[in-house]
1. Given H placed on each backbone N at 1.01 Å, which residues far from B:SER139 in sequence or on other chains put an amide H within less than 5 Å of it?
2. Rounded to the nearest 5, what % of the DSSP beta bridges within chain B are antiparallel ones?
3. Any chance you could give the angle, 0 to 90 degrees and rounded to 10, that helix A:379-388 forms with the longest Cα principal axis of chain A?
4. Out of the total accessible area of chain A (probe 1.4 Å, heavy atoms of protein only), what percent is carbon and sulfur?
5. For a quick check: with amide H placed at 1.01 Å from N, whose amide H comes under 5 Å from A:GLU201's, ignoring anything fewer than 5 positions away on the same chain?
6. Accessible area lost on pairing A with B, both sides, 1.4 Å probe, Å² to nearest 100?
7. To check you understand DSSP bridge types, tell me what percent of the beta bridges within the protein assembly as shown (both residues inside) are antiparallel, rounded to 5.
8. If you roll a 1.4 Å probe over the stretch B:6-195 with all protein chains in place, what percent of the accessible area is carbon or sulfur?
Amino acid sequence: MAKTIIEKIWDQHIVVKEEGKPDLLYIDLHLLHEVTSPQAFEGLRLAGRRVRRPELCYATMDHNVPTRNVTKIADPTAEKQMSALERNCREFGIELAHMTHPDQGIVHIIGPELGLTQPGRTIVCGDSHTSTHGAFGAIAFGIGTSEVEHVLSTQTLWQHRPKTMNIQITGTLQPGVTAKDIILAVIAEFGIDAGTGHIVEFTGEAIRSLSMEERMTVCNMSIEAGAKAGLISPDETTVAYLKGRRNAPSDEAFDEAAARWLALASDEGAVYDKTLSIDASSIEPHVTWGTNPAMGTGVSGRVPFLSEIVSPSDREAVKKAIDYMGLEEGMPIQDIEIQHVFIGSCTNARLSDLRAAAGVIAGRHVHPSVTAIVVPGSRSVKRLAEEEGLDTVFKEAGFEWRESGCSMCLAMNDDVVPAGERCASTSNRNFEGRQGAGARTHLVSPAMAAAAAIEGRFTDCRKVPALQE
Amino acid sequence: MESLRMITSTVTPLDRKNVDTDQIISKEFLKRIERTGFGRYLFHHWRFDAAGAVKESFVLNDPRFAGSEILLADENFGCGSSREHAPWAILDYGFRVILAPSYADIFYNNCFKNGILPIRLPQNVIDRLLADGQKTPLSLTVDLEQQTILRKDSGETIPFGIDPYSKEMLLNGWDEISLTFQYEDQIAAYENRKAN
Ligand code: SF4
């Protein structure tokens, strides 16, 4: 029978299947960071347990790291959390990319870079954006700290078999419209709980033509559509990305692996529990105006009028959001002025994202009322960008060029948007207070963030012609 | 984990959709490396203003609901970040049961691991409870064994569904890891198959 990639990977990982129980699923790769792991290690220690397969774990420091100077953590509680991770990794034999290590970066950026993320794997991390790794055709999902402890001690998880969903992106994207705009448009169209209880496979012409980095952006935000995980069937693009990566197989073993990976792709005629579809050519560069990722529209659009919203509870939610965001109903998106620009996060801080932003910025200058920072997703992204001279492009334009980490995506370190101020951000969440108490976040693509940095307000990045290569 | 069988309590109505875990527990409280003590930070920015003063209008500050063990919420509760600090804060504050039409997947799982019972009820039932419960505090008895909720004022019994595995874990307060250890042979066998 024709099977989806979701069913193929799931079935290959069942350790125990019993009536009346979820499946006991084997986990191939467990990624860890400092915020969601300390209580799990403490649990192990209290129960006198060990880590079953430390070599299948990989840890990094990302959420709390300072991006100005990585050798100094001003906040003593953050410092305590990092040293806890260091101690835990040493005690339990887990490889750690310390803050100062050349491989350090946001956990979802370094997994793929290091070739740890591979098709067909089950991948977990105490972090909801683990869905990013699904871009390779893996089942990758976020878990809580109790589950982190469970995986550490058993390398398995009890999981109810999720339903399957196909989100088709048909047609071709218009030039200047990006992977970020696809996923924001999907969420705006179908809602932030469209995927609840499902693993989503993204299919269609527009998806096939995306690079691996762009696919990661799409899968990254499948959690914002409520999905348990998002993935894309592997193809030649996937194989080419993995070739030569440190943890990928090499030589003959690579060819064998590649054949296995390609065979995972969903079969012709495979059936999904639900299918949604959106036409790529209808998508514009997207901007969110509200306090959840579905509250957004194309750059030529406007904030809704309350009178257009039928359901009273939705109207109330939109009113609350508009108030929090300090906007007027019906206001054109391009009239919204911003004070901050953040180019970073596991959604959009890979090399191609920085290139896209630099392409818009080059030869121009950040608007005098805007503070703009670039936070590369990993130290490797930072090195490669510097080799290309992107750092100079950003700095000459008036951006700050920082060390890698989560930074202003969740503002756990000192990169905070002040209350009442507005940020054009390439990250993934615009919840109240996400970038700082009272801060107002608008989610956009890197090119749109760069264009906003120059203009001091939202503007269609396609209307900003490149000045220099 | 503490077992859960029957809870009788007034219900705190939180009439808001899509409550995300960033609101339940804000990032400034995620740096602690302990599992307990998060209750005082629950819904921090909704309970307190920037100067730290109590916001009277927020339902958790309404004295009529003090000591409540049941939280009544709306659709897609607990969306966003996977942080288990959210259920830790809810539990530490004193809630053992949540009622909502739907939950985000990770949050829903995290509740069970901490002895919290997240119950899914049809939207029209939740709407009715929210409307009534905001007027006059409602007293409910949640019986996990029977899978029923009894409304004290009207005597109405509302049934609810739950998967048998999660139910058994909660009723017994079992530690899931010890349970999984009973399958160690199967796990080892799987690893051997994979290695060859
Ligand atoms: S960059 Fe943001 S979303 Fe991504 S892992 Fe870090 S905090 Fe989470």
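1. Sorted by chain and number, the residues that satisfy this are B:LYS152, B:ASP153.
2. Of the beta bridges lying entirely in chain B, close to 50 percent run antiparallel.
3. The helix A:379-388 is inclined about 50 degrees to chain A.
4. The C+S portion of the solvent-accessible surface of chain A is 50 percent.
5. Residues meeting the criterion, in which the H sits 1.01 Å from N, are A:MET165, A:ASN166, A:ILE167, A:LEU231.
6. Summing both chains' loss of accessible area gives about 4600 Å².
7. The antiparallel fraction comes to roughly 30 percent.
8. Roughly 51 percent, rounded to a whole number.
The values are calculated or read from the model by the stated rules, or taken from the named source; none is laboratory data. Because the structure is predicted, anything quoted here is derived from the model rather than measured. Because the Cβ atoms are built from the backbone with ideal geometry, glycine has one as well, and the counts that use them run over all protein chains shown. Remember, those area values only see protein heavy atoms, side chains included, never the ligands or the DNA or RNA. Shrake-Rupley method; radii C 1.70, N 1.55, O 1.52, S 1.80 Å.
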